[in-house]
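J.: Here it is, the structure in full.
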Amino acid sequence: MSEEGSEADYDDQSYEGERNEKDERHGRGKAVLPNGDVYEGQYENGKRNGQGMYRFKNGARYIGEYVQGKKHGQGVFHYPDGSKYDGSWVDDLRNGQGLYTYANSDCYEGEWSDNVKHGQGVYTYNDTKSQYRGTWVSGKQQGAGELIHADHKYAGTFKEDKPTGEGKYVFKHGTELHGHYVIKDVTQGDDDDEEPVVVTEAVWRCGGVTVTENPMGMPAQQTGEA
């Protein structure tokens, strides 16, 4: 993530704005840092404090709240790759509730802790509109969750971004597949031209089938002419 320059480190920066009786930056002002970054907004006793906008030389920008020189409170960060975070900050880090829209238009809305997804949240895949809804731990899908697609969903437990243990597939037409996932190491690329690589995969074991009515809360499909 783009790092903000410290104004306290420089005596020769360009600053225009209000000052207090100690000649500290205080009130509204604009500072051009030696590294080319620009901050415009509120100051208190020499530090960025209150509403402000910080523009990085690389094209990134932050618009939101500051407390004692750090991003703290509600704010929007536009990253150089086109991604964006809109939500809560604590001590310069994404913490609390927030919406992150990635450069590929995938998005995550939910809880954050120290810049990573942590807690309850929803990740939407832009290409398919599929969603993961559930628990995250240190940036990974982990704990109870649902992977929802257009005509079916999987509900169960996840670990390290993969389904594991007991769960079920629920289909729009009313069928439920009950079973469990087994985590296995699978060797790939074991021919003469490629070095073999061991990858971890989740393998589904079906244990039974049941039929329900309107299991996904979707309108029943109608057949025939009106």
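The values are calculated or read from the model by the stated rules, or taken from the named source; none is laboratory data. Please read these numbers as outputs of a predicted model, since none were measured by experiment. Don't worry about glycine lacking a Cβ; one is built from the backbone with ideal geometry, like all the others, and counts go over all protein chains shown. All accessible areas refer to the heavy atoms of the entire protein, side chains included, with ligands and DNA or RNA removed. Shrake-Rupley method; radii C 1.70, N 1.55, O 1.52, S 1.80 Å.
J.: Could you please tell me which pairs satisfy a Cβ distance under 7 Å, a separation of 6+ or placement on different chains, a first residue in segment 193-209 that is in contact (Cβ under 8 Å) with a residue 12 or more places away in the chain and under 30 Å from Leu177 (Cβ atoms), and a second residue that is among the hydrophobic types (A, V, I, L, M, F, W, C) and part of a strand (DSSP E or B)?
T.: Close Cβ pairs (under 7 Å, with a partner that is among the hydrophobic types (A, V, I, L, M, F, W, C) and part of a strand (DSSP E or B)) amount to Val199/Val186; Thr200/Ile183; Glu201/Val186; Ala202/Ile183; Val203/Val182; Arg205/Val182; Cys206/Leu177; Val209/Leu177.
J.: Inside segment 155-211, can you point out the residues that are at pLDDT 95 or above, open to solvent by 60 Å² or more (accessible area, probe 1.4 Å) and β-branched (Val, Ile, Thr)?
T.: Matches in segment 155-211: Thr157 only.
J.: Related question: For segment 128-154, which residues satisfy the criterion of being buried (at least 16 other Cβ atoms within 10 Å of the Cβ), over 21 Å from the mean Cα position of the chain (by Cα) and over 17 Å from His180 (Cβ atoms)?
T.: Across segment 128-154, the qualifying residue is only His152.
J.: Considering only segment 61-78, I want to know if a residue exists there that is open to solvent by less than 70 Å² (accessible area, probe 1.4 Å), within 29 Å of Glu16 (Cα to Cα) and among the polar types (S, T, N, Q).
T.: Scanning segment 61-78 turns up no residue that is open to solvent by less than 70 Å² (accessible area, probe 1.4 Å), within 29 Å of Glu16 (Cα to Cα) and among the polar types (S, T, N, Q).
J.: For segment 2-24, indicate whether the set of residues that are closer than 30 Å to Thr135 by Cα, in contact with a His (Cβ under 9 Å, 6 or more places away or on another chain), open to solvent by 70 Å² or more (accessible area, probe 1.4 Å) and free of Cβ contacts under 8 Å to residues at least 24 places away in the same chain is non-empty.
T.: No, the conditions are met nowhere in segment 2-24.
J.: Just to be sure, is Arg48 at pLDDT 90 or above and under 22 Å from His78 (Cβ atoms)?
T.: yes
J.: Let me ask something additional. Could you identify the single residue in Asp91, Asp81, Asp106 that is under 18 Å from Val67 (Cβ atoms) and out of contact with any Gly (no Cβ under 8 Å at 6 or more places or on another chain)?
T.: Checking each option against the conditions leaves just Asp91.
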